[in-house]
Amino acid sequence: MRNESNRNGKEFLSKKKNFIFDLDGTLIDSMWVWDNLLVDFLNRHNYETPPELLKEVAYMSLEQSSKRVCELFELPMSPKDVNREWTEMIYDGYAKEIKTKPGAAEYLENLKREGKTVALATANSKELTEACLKNNGIMEYFDVLTFADEVGEGKSSPLIYTETLSRVNGVPDESVLFEDILQAYKTAKMIPLDVVIVEDRSAEGDKSDLMKSADLYIKDFYDLI
C-alpha cells in the first residue's frame, strides 16, 4: 500500500495494534539541534565539519556517533566524554525548548484512548528523550521506550525495531512504524514493517524517494486526525 489518501491512510492505520515512533524529526522538531551541535562541538575543538558527516551520523546511536567523531578527528577524549559534552550543550534545548510536531500530542492521545500500544524507538539518549517527553507532556502516552544505545546498534540495523516489537509482544503485520529518514525506512523494511513517513526538513533531499516508497506519507499528524 503506497501513498494512500488521508482517509484511506486512517483506515489502514485503524487495523494496527502497535504504533512505534521515532523521536527526532518524527515526533519532535529537533534535527536542526543536531546539525548545529556537531558543528559547534567541532568548532570548540578547532575542526571544520565535513558536510557528509552530518548525514552519516543521522541514523547512528549516540554511542556510535561519538565513536565515529573520535576516530575521524583523533580527538584526545573518549566517546563517553564526547557524549557528556554533547548532552551538556543541548540538554536545556530538550528540557525546555524543543516542541512536538503539529498534531503529534493529539494523535498520541487519540491512540491511547483507542487502546493502542504506543512505543518509542530512538537513537537519542535516555536522558535527553525523557527530558523532552516530560517537557511536552507526552511521556504518559508511551508503553515502551527503546534506545539504540541499549541494543548496541543504530538505525542501520533492524535490531532496535525487533527489540521494540518484542517488548510490546507485537508482530510486524499488526504494527506500524513512524519515521522521517530514508535509511530508517529501508531498515524497517528488512523486517518488514509498514512505515509512515513524517515530513521533515532534514530529509528534504530524499523527499521524492520517501513519497514514492512510504506506505503512507504525511506532512504532519493533523493529516491523521
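Numbers for the structure displayed
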{"read-out": "Pairwise label distance in nanometres, GLU85 with MET139, each label 7 Å out on the Cα-Cβ vector", "value": "2.9"}
{"read-out": "Separation between Cα centres of segment 15-47 and segment 169-225, rounded to whole Å", "value": "16"}
{"read-out": "Packing-based ranking, highest mean first, of 17-27, 208-218, 39-49 given that Cβ atoms within 10 Å are counted", "value": "17-27, 208-218, 39-49"}
{"read-out": "Percentage of interatomic Cα-Cα distances in segment 96-143 larger than 16 Å", "value": "39"}
{"read-out": "Share of Cα-Cα pairs in the chain lying beyond 34 Å, as whole percent", "value": "11"}
{"read-out": "Net +/- balance of residues flanking ILE28 in space, Cβ distance below 9 Å, scoring K and R +1, D and E -1", "value": "0"}
{"read-out": "Farthest toward positive dipole pole in the chain [+1 Lys/Arg, -1 Asp/Glu at C-beta], among PRO51, THR122, ASN18", "value": "ASN18"}
{"read-out": "Restricting segment 62-123 to GluC sites (Glu not before Pro) in coil, as DSSP defines it, with at most 16 other Cβ within 10 Å", "value": "GLU74, GLU114"}
{"read-out": "Value of Rg/Rh across segment 31-97 [Cα atoms, Kirkwood radius]", "value": "0.93"}
{"read-out": "Dipole moment magnitude, nearest 20 debye, segment 86-225 about Cα centre, only Lys, Arg, Asp, Glu C-beta charged", "value": "120"}
{"read-out": "Ranking of ILE225, ILE98 by count of other Cβ atoms within 10 Å, fewest first", "value": "ILE225, ILE98"}
{"read-out": "Cross-link pairs beyond the 18 Å C-alpha cut-off, checked among LYS112/LYS219; LYS55/LYS186; LYS17/LYS101; LYS96/LYS134; LYS186/LYS207; LYS55/LYS155", "value": "LYS112/LYS219; LYS17/LYS101"}
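Just so you know, all these numbers are worked out from the coordinates, no wet-lab data involved. Here the structure is a predicted model, which means the values were calculated and not measured. Glycine also receives a Cβ, built like all others from the backbone with ideal geometry; neighbour counts cover every protein chain displayed.
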